Structure formats: C-alpha cells, structure tokens
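The block underneath contains the structure these notes are about, expressed in structure tokens.
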Amino acid sequence: MNKDIEIINIKALSDNYIWLLRNHSKKLTAVIDPAEAEPVEKILLKNNWELNQIINTHHHYDHTNGNLKLMEKYNAVLIAPKLEQDKIQNINHLVQDGDIIDIAGLPAKIIHTPGHTLGHIIYYLHNEKILFAGDTIFSLGCGRVFEGSMQDMYLSLEKIKELDPKTTIYCGHEYTESNLNFSLKVDPNNNELLIFADKILTQKLKGMPTIPTILKDEMNCNPFLRSDNPEIAENIGNSKMSPQEIFRNLREMKDNF
Ligand code: ZN
Ligand code: FE
C-alpha cells in the first residue's frame, strides 16, 4: 500500500469494524461507518488529527450511530447514499452509483450494491485497490438479504468479482469464524479454503482481526462468490441449479446455520 496512507481498524459494538483512513501527505482523515463516536474520537485525539469526512455505506444503526456526534465535534462532511437519504440524518453530500468522489484526498468510485439494504453502496479506491464494503461482502460470507432480493445481492457480489483480484477489502463486521465453519461445510474439499482456514485460525488464536481480506482469496474460498462452482452445487444437493439458485440456497442455509 501507498505509504502515505494508513488505515486503522477500530472495534465497535460487539463485532463491528469502523475504519479510519488517514492520508498523511495531504493531512486528511475520513471515517467509514462510525457505529460509535467515542472510539473514533479517542484515536483522533491521540494522533492529533482532524476529521474531514464521514462516509456511510448504508443506513443501519451499527454503521451510522456515531455520525452526528462526530459531525458536530469536527465539522466533518457526511457522505451517504442518495437512495437512503430518508433514513440517514444530516447528509451533506449524496452519492450514487458511478459517482467519483475524493475520500481523504483519494479518488473513490461509488458502486451500488443492493441486497442487504436497497440503497447500499460500496466505495472503491481504484488507484489504491481498496474497497470499503460495508455489509455487502464479509470474509467467507456476505450480508444478510434484508431489503433487496436474493437476485439483487447475487448481482452485487458479481460486481465485486469484477474488481482487481488484488483489492483489499475492508468490511463492516468480524464474522469470519462462523463464516469459515459454514464454508467448510459446503465446500469441504476446496484446498485453497483449507489453507485459508489455517491462516484464519492462527489470527484468531493470536487475537488478531481477520479483516482486511484480499479479493483473490475470497474468489477462491468464499462460497457466496463461488455459486457457479459445480462442487458446491453437488455438495448442497443439486448440480442442476443455476448459480443464482445456488446462491439463494447458500444464503438461506447460512441464515439458519
Ligand atoms: Zn447492516
Ligand atoms: Fe452491520
């Protein structure tokens, strides 16, 4: 990664990750999905940084609850999805699919990824190959489909699959261990997954976060990106289903896992 850029992982609530993006050369700081204000303020204070931008991927409480407090204290600009403007208060800059904005001085493309919520967006820093993915994709998993359709979520993940495989993914939750158990169940003979599992279990043992994750690893191991894989289809019992149907089955199985 560009050494001018630092991304700090801030744990919040029970299993959320808030991401703090600092551009050292431009002295700009952005926070992504502040579930809470206090832990963010603590890091800003410690480093003597101002906060310039607050970025939301979707309207859920565990991604936006720190917005107002941080806006008031730092006079930061709130950037959020236009399609969720009725559900997020005090937005300064509405963004939608295809827009290019600057996050902490770095160009980022907005990609609409409905499914988890209808207006969910992700932020792709294409020069740095950094993705702030909210609750669309997790390591070895994907978000629950609350507002959109299964087909929406399937197509949203297809959009992520088109990004550079070297992309580093910063998602909103640490769900990796449970996702790993599920992945091993539906894709037990996947060698790449077994190797990835070792890495995850080592990180867990050391009390380290398993996020960020790399898109290439997810393409090889995350069953929700592999619904076109004949072995997975076989393992969940129907090799004649379309990738979309396999995806729906996987998502429903995981909801009850
Ligand atoms: Zn959410
Ligand atoms: Fe969430």
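Identify the trypsin sites (Lys or Arg not before Pro) of region 179-257 meeting these criteria: DSSP loop state and at most 15 other C-beta atoms within 10 Å of the C-beta.
On the way: sites: LYS185, LYS199, LYS204, LYS206, LYS216, ARG226, LYS240, ARG248, ARG251, LYS254; in loops: LYS206, ARG226, LYS240.
In loop regions of region 179-257 (DSSP not H, G, I, E or B), the sparsely surrounded trypsin sites (Lys or Arg not before Pro) are LYS206, LYS240.
Placing unit charges on C-beta atoms (Lys and Arg positive, Asp and Glu negative, everything else neutral), compute the dipole magnitude of region 148-221 about its Cα centre in debye, rounded to 20. Can you show the working numbers first?
Working: 8 positive and 11 negative charges, 42 e Å.
The calculation lands at about 200 debye.
Of the trypsin sites (Lys or Arg not before Pro) in region 1-33, which ones lie in a loop per DSSP and count no more than 10 other C-beta atoms within 10 Å?
Working: sites: LYS3, LYS11, ARG22, LYS26, LYS27; in loops: LYS3, LYS26, LYS27.
In loop regions of region 1-33 (DSSP not H, G, I, E or B), the sparsely surrounded trypsin sites (Lys or Arg not before Pro) are LYS3.
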Quiz item: Along its principal axes, what span do the Cα atoms of the chain show, with the longest given first and each in whole Å?
Solution: 54, 40, 32
Quiz item: What percent of all Cα-Cα pairs in region 42-121 falls in each 5 Å bin, counting up from 0?
Solution: 3, 15, 25, 24, 18, 10, 4, 1
Practice problem: Find how many whole Å separate the alpha carbon centroid of region 213-251 from the alpha carbon centroid of region 88-164. | Solution: 21
Practice problem: Could you look at region 5-171 and say what percent of its accessible area is carbon and sulfur, using a 1.4 Å probe and all protein chains? | Solution: 47
Quiz item: What ranking of VAL31, VAL77 comes out by heavy-atom accessible area, probe 1.4 Å, highest first?
Solution: VAL77, VAL31
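In a shell of Cβ-Cβ distance under 14 Å around ALA197, excluding ALA197 itself, what net charge do Lys and Arg (+1) and Asp and Glu (-1) give? Don't skip to the answer; put the middle values down first.
Numbers: positive: LYS185, LYS199, LYS204; negative: GLU177, ASP187, GLU192, ASP198, ASP217, GLU218.
So the environment of ALA197 carries a net charge of -3.
If you count only protein heavy atoms with a 1.4 Å probe, what accessible area per residue comes out for region 5-171, rounded to a whole Å²?
Result: 41 Å² of accessible area for each residue.
Could you tell me what fraction of 2.2 N^0.38 Å the Cα radius of gyration of region 1-147 comes to, as a two-decimal ratio? If you can, show how the numbers build up before the last one.
Details: Rg = 14.0 Å, N = 147, 2.2 N^0.38 = 14.7 Å.
Compactness ratio reported: 0.96.
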Quiz item: At a Förster radius of 35 Å, what calculated FRET efficiency corresponds to the Cβ-Cβ distance of SER25 and LEU94, to the nearest 0.05?
Solution: 0.80
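The values are calculated or read from the model by the stated rules, or taken from the named source; none is laboratory data. Remember, predicted model here, so these are calculated numbers, not experimental data. Glycine gets a Cβ as well: all are built from the backbone with ideal geometry, and neighbour counts include every protein chain shown. Note: areas computed on protein heavy atoms with side chains; ligands, DNA, RNA excluded. Shrake-Rupley method; radii C 1.70, N 1.55, O 1.52, S 1.80 Å.
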